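Encoded as structure tokens, the structure appears first; notes follow it.
FYI, it's all coordinate maths here, none of it is from the lab. None of these values were measured; they are calculated from a predicted model. When we count neighbours, we look across all protein chains shown, and the Cβ atoms used for this are built from the backbone with ideal geometry, even at glycine.
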Amino acid sequence: ELGRVFEREGHELHLVGGPVRDAVLRRPVSDLDFTTGARPEATEAILRAHCSTVWTTGADFGTIGGMFRGEQVEVTTFRADAYDRVGRNPVVRYGDRLEDDLERRDFTVNAMAVSLPGHVFADPFGGIADIARRTIRTPASPESSFADDPLRMLRAARFAAQLGFDVEAPTLAAMRDLAPELSRITAERVRDEFVKLMLAPDPVAGLRLLVDTGLADRFLPELPALRMEIDEHAQHKDVYEHSLQVLRNAIGLETGGPDLLLRIAALLHDIGKPETKEVVAGGGVTFHHHDIAGARLARRRMRELRFPKADVQAVSLLISLHLRFYGYADGEEGGWTDSAVRRYVTDADGQLDRLNALVRSDCTTRNRRKAERLRRDYDAFEERIARLRAEEDLRAV
Ligand code: CTP
């Protein structure tokens with residue numbers, strides 16, 4: 001096996017990171033990540049001699065990949081502590097010792113290794129104990145780890161959501177202190193971690209961490225802003241808690257596995273509320289057209305995070321139309337919303353199902369007057385769209 005191949009060439013090889021963690025947790029192991037003392041050129045030569053395919057896309061970061069006996073493997077040269085604190089991507093310097101490599105990893109649960117070919121287990125930072133305590137903790141000081149790579153703060157929240165672990169207090173404190181550093185990270189890397197968090201079994205736990213530490217303010221400030229909605233009249237539900245609950249409900253309705261766009265829309269469906277909140281004379285609060293405002297805000301954030309266009313559109317649609325389903329969902333209005341929405345959902349692939357799922361998840365009993373008002377809102381919305389279309393047609397002419 002691969003360990004013997006490297007040994008024959010005089011190099012160490014250790015299985016490391018995610019696969020070791022997942023094996024200990026008895027979760028399915030996906031890719032096999034290795035670390036080695038061999039420099040990338042040497043690794044490439046070895047893999048070329050023993051793998052069916054080899055890829056070098058990660059070579060700048062010391063990683064060479066290949067298919068070894070039908071398994072996808074990635075072999076990365078030991079890292080020494082070296083990050084560019086100004087730049088937006090990690091800068092790499094190679095090291096000579098496994099322990100240094102493990103120390104510069106993000107969390108103790110990811111800093112365990114199995115040395116090959118002898119299968120000797122290395123856990124210098126107490127990863128096993130932290131798994132037993134269900135704790136996320138950095139091997140070195142959390143401040144220096146997060147200053148080296150601020151993305152790790154998002155990864156902490158992501159692992160909390162994936163594994164159901166807590167973040168230990170000093171690591172959490174460092175996340176609070178260093179949250180502003182997240183602005184050094186590219187939108188794509190932030191998006192990828194956010195997506196992994198949203199797809200995890202318990203995104204709510206991860207989202208609470210993002211909000212509580214101030215990390216969410218850096219890329220999705222509309223989410224923490226929802227906390228303002230517990231108002232003096234006490235007639236409006238706490239929109240932040242409500243949104244988390246709707247997300248949980250939406251997850252409960254998924255039949256074909258995690259649905260990222262439904263989850264995002266469920267979480268963000270009320271983000272237009274803070275902006276559209278109005279106190280009416282005589283008490284009470286309204287949020288006119290908050291769904292349209294919310295769709296606009298969601299589009300802006302998702303574009304900033306470089307989500308694909310189609311995803312931005314789907315989430316925007318889900319949010320802008322969600323209210324119109326209440327009557328339908330309550331069965332009070334003979335399905336008028338269903339046919340009306342169908343006219344908008346032309347490129348439907350799954351979107352109508354998503355809408356229905358979202359609505360079922362947010363369905364509360366509404367009285368007829370409310371349904372009537374929503375219908376009037378909806379008609380006004382339709383009129384507006386029709387007017388906009390006419391204007392566009394005119395311009396086109
Ligand atoms: N790693 C790190 N700091 C980062 C990213 C990654 O220290 N900012 C290390 C961790 O040891 C991690 C390993 O690199 O285990 C592989 O990273 P990645 O593939 O992103 O994460 P996994 O732990 O493998 O989890 P998953 O495959 O579920 O994303």
Does region 1-110 come out rounded, prolate or oblate, given a ≥ b ≥ c as the square roots of the eigenvalues of its C-alpha gyration tensor, rounded meaning a/c under 1.5 and, failing that, prolate meaning a/b above b/c?
oblate
Order these peptides, 156-165, 48-57, by their mean beta-carbon neighbour count within 10 angstrom, highest first.
156-165, 48-57
Cβ charges +1 (Lys, Arg) and -1 (Asp, Glu), total dipole of region 89-155, debye
260
Mind listing the Cα extents of region 155-283 along all three principal axes, in Å, largest one first?
47, 39, 27
Using modelled backbone amide H atoms (1.01 Å from N, in-plane), which distant-in-sequence or interchain residues come within less than 5 Å of residue 136's amide H?
166, 167, 168
Per-residue HN-Hα couplings for region 46-56, Karplus 6.51 cos²θ - 1.76 cosθ + 1.60 at θ = phi - 60°, whole Hz, x for Gly and Pro?
5, 5, 4, 6, 10, 10, 6, 10, 9, 10, 10
Once amide hydrogens are built 1.01 Å from N within the peptide plane, the residues lying 5 or more places from residue 55 or on another chain with amide H under 5 Å from its amide H are 65, 66
Give a residue-ordered list of calculated ³J(HN,Hα) values for region 168-176 (Karplus: 6.51 cos²θ - 1.76 cosθ + 1.60, θ = phi - 60°; whole Hz; x for Gly, Pro).
5, 4, x, 5, 5, 4, 5, 4, 4
Cβ neighbours within 10 Å, averaged per peptide: list 96-106, 1-11, 281-291 in order, most packed at the top.
96-106, 1-11, 281-291
Report the convex hull volume per residue for region 79-194, counting only C-alpha atoms, in Å³.
110
